[in-house]
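Colleague: Here it is, the structure, as structure tokens.
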Amino acid sequence: MAIDYYQLRETDQELQILDSTLTDFARALSLTTDRFQKGLNSELEVAQAKTLLDQTITQKQALQNQRAQLEHAIAVLLGRTVESFSLPNQPSDPTPPVIPSGLPSDLLERRPDIAEADRNVAAATAQIGVAKAAYFPQLSLTALVGYESTNAVSLLNWQNTMASLGASAVAPMFTGGRLRAGVDQAQAVYRQSLAQYEKTVLVAYQEAEDQLAALQFLAGESQSQANAVLDSTRAEEIAMQRFRAGLAGYLDVVFAQETELSDERAAAQISGQQMAASVVPIKALGGGWAGGNTP
């Protein structure tokens, strides 16, 4: 749910960018139309401005559909009907939490899958002891001088004498193959559970390391993309100034505006990826990095 929520907020941020861009594109269309009417540019430039505006409106509608689906997904996760749940539009650019370096590996022990695998190993170990114990005769001595039964009729039966106990003591000799197979099976189950435990631990390490690496690289991407936004914004300003001065065609402005919009949306998407990537390590570490009791 946290990932869906941050994706929704990232969509809100992109919608805000598109709204601002649509305002600029509408002004550009008005400018090219006015210049065309005065004979300062061609109808082609008007069509280019109109095309860019229509394309951006289409992008906004697609994002609105995406936002609605994320909102519905959150409603379901909260156990609410989609028509009774809504989240107000709230563009934001949150800062991901700082994850400390040198996290102790024992944090992973809190993961439910690792705790389950650990208990399976313990259970398999105990089962080996049970299987080995079956090799030994199970005798039930009582206060009746070796008789197992207190039934009056059974007391008269010679089979309930000490001789019968001796017979039960040698009984495992006739089932030795089955008992040996039971021990082998218990040991095989133990080895299987141990291998599964090792695999679970390795996967846990991988998940944690993947997300920590992702956060590190996304931080670099965010800074580079922020620089790209500044550069493309400046390029758009220069292109518009040259167009108004009659030094460049409107096609230069179109390219600059498309690049600026693409860079701004990419910056918003990277911000959303950072927030999502900061949520996943909490799950990967079994509950965050603040410590806690191992189940």
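The values are calculated or read from the model by the stated rules, or taken from the named source; none is laboratory data. Note that the structure is predicted; figures quoted are calculated from it, not measured. Note: ideal-geometry Cβ built from the backbone for every residue, glycine included; neighbour counts use all protein chains shown.
Colleague: Of the residues that make up the range 226-234, is at least one under 20 Å from Ala26 (Cβ atoms), buried (at least 19 other Cβ atoms within 10 Å of the Cβ) and modelled with pLDDT of 90 or more?
Modeller: yes
Colleague: Give me the pairs: first residue in the range 32-58 and closer than 16 Å to Arg244 by Cα, second residue modelled with pLDDT under 90 and assigned to a loop (DSSP other than H, G, I, E, B), beta-carbon distance under 6 Å, and six or more apart or on different chains, which are they?
Modeller: Pairs found: Arg35/Asn41.
Colleague: Run down Leu87, Leu77, Leu40, Leu44 and say which single residue is at pLDDT below 95, in contact with an Asp or Glu (Cβ under 6 Å, 6 or more places away or on another chain) and loosely packed, with under 15 Cβ neighbours inside 10 Å.
Modeller: None of the others qualify; the one that does is Leu87.
Colleague: Shifting gears a bit: If we keep just the residues of the range 275-286 that are over 23 Å from Gln16 (Cα atoms) and among the hydrophobic types (A, V, I, L, M, F, W, C), which is farthest from the chain's Cα centre (by Cα)?
Modeller: Step by step, filter the range 275-286, then rank; the result is Leu285.
Colleague: Would you call Ala239 modelled with pLDDT under 85, of a type in the set (A, V, I, L, M, F, W, C) and crowded, with 19+ Cβ neighbours inside 10 Å?
Modeller: Against the criterion (modelled with pLDDT under 85, of a type in the set (A, V, I, L, M, F, W, C) and crowded, with 19+ Cβ neighbours inside 10 Å), Ala239 does not qualify.
Colleague: Do you know which residues across the range 211-260 are touching a residue at least 24 places away in the same chain (Cβ under 8 Å) and within 22 Å of Met275 (Cβ to Cβ)?
Modeller: Within the range 211-260, Gln211, Leu212, Ala214, Leu215, Leu218, Ala219, Glu221, Ser222, Gln225, Ala226, Ala228, Val229 qualify.
Colleague: Could you grab me the full set of residues in the range 239-274 that are farther than 20 Å from Leu18 by Cβ and under 32 Å from the mean Cα position of the chain (by Cα)?
Modeller: Gln274
Colleague: A further question follows. Just a yes or no: is a residue in the range 115-122 surrounded by 15 or more Cβ atoms within 10 Å (Cβ to Cβ), closer than 30 Å to Met1 by Cβ, modelled with pLDDT of 90 or more and acidic (Asp, Glu)?
Modeller: no
Colleague: For the range 56-96, which positions are under 14 Å from Glu14 (Cβ atoms) and not in a helix (DSSP H, G or I)?
Modeller: Those that are under 14 Å from Glu14 (Cβ atoms) and not in a helix (DSSP H, G or I): Asn89, Gln90, Pro91, Ser92, Asp93.
Colleague: Among the residues of the range 235-270, what is the count of those that are aliphatic (A, V, I, L, M) and within 18 Å of Asp24 (Cα to Cα)?
Modeller: 9
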